[in-house]
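K.L.:
Before I ask anything, here is the structure I am working with.
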Amino acid sequence: MPALYRGRACTLSRVITQGKDNDESGFGLLAGVGGDFGAAGPVGLLSGSETALTASSRAKLRALADKGSRGAHTALQITEDSERLIGSVLLGNNVVNILSASLATALFTRLFGDSGVALATLV
């Protein structure tokens, strides 16, 4: 059974494809959903990189670099200044998280009106 949306019977797919007032493009809504799911990749990459680089053994990296490993040499260069590494990773994570939260708020506001802000905060 379709839900009532502004006094009209509709389904979620109709709201997504036709927009909030049936005359708007659903592209913004689909971009918001795609952007939220797409933001999970960079967050995972940044968090995984932070964990790998801070937990890596500098002695093992040095031994591998001496054997000619370019990756170990690069990891040693990156981990030389640990404060800069952590600062860069945290800055990147914050930018992606703020973007994701903004897209989620826009998406939920479009779907649920003013109460969408509270719903986006819960999600």
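The numbers here are math on the coordinates, done by the rules we state, and not lab data. Note that the structure is a prediction, hence the values are computed from the model and not measured. Positions of Cβ are generated from backbone atoms using ideal geometry, with glycine treated the same way; all protein chains shown enter the neighbour counts.
K.L.:
Which FRET efficiency value, to the nearest 0.05, do you get for L99 and R58 by plugging their Cβ-Cβ distance into 1/(1 + (r/R0)^6) with R0 = 35 Å?
P.N.:
On the way: r = 34 Å, r/R0 = 0.96.
Efficiency, from the Cβ-Cβ distance: 0.55.
K.L.:
Also: May I ask you to list the trypsin sites (Lys or Arg not before Pro) in segment 54-120 that are in a DSSP loop and have at most 16 other Cβ atoms within 10 Å of their Cβ?
P.N.:
On the way: sites: R58, K60, R62, K67, R70, R84, R110; in loops: K67.
Taking segment 54-120 and a limit of 16 other Cβ atoms within 10 Å, the loop trypsin sites (Lys or Arg not before Pro) found are K67.
K.L.:
Also: Starting from the Cα-Cα distance between I78 and S115, subtract it from 0.36 nm times their residue separation and give me the gain in nm to one decimal.
P.N.:
Values: separation 37, 0.36 × 37 = 13.32 nm, distance 4.46 nm.
Full extension of this stretch gives 8.9 nm more.
K.L.:
If you take the Cα Rg of segment 53-123 and divide it by 2.2 N^0.38 Å, with N the number of residues, what do you get? It would help to have the intermediate numbers written out before the result.
P.N.:
Working: Rg = 20.3 Å, N = 71, 2.2 N^0.38 = 11.1 Å.
Computed over Cα atoms of segment 53-123, the ratio equals 1.83.
K.L.:
Another question, then. Convert each backbone phi in segment 79-93 into a coupling constant with the Karplus relation 6.51 cos²θ - 1.76 cosθ + 1.60 (shift: θ = phi - 60°), then list the ³J(HN,Hα) values in order as whole Hz, x for Gly and Pro.
P.N.:
The phi angles translate into 7, 4, 10, 5, 5, 5, 4, 5, x, 5, 5, 5, 4, x, 4 Hz.
K.L.:
If you take every residue apart from S82 with its C-beta less than 15 Å away from the C-beta of S82, what net charge results, scoring Lys and Arg +1 and Asp and Glu -1?
P.N.:
Numbers: positive: R58, R84; negative: E50, E80, D81, E83.
Charge balance in the 15 Å sphere: -2.
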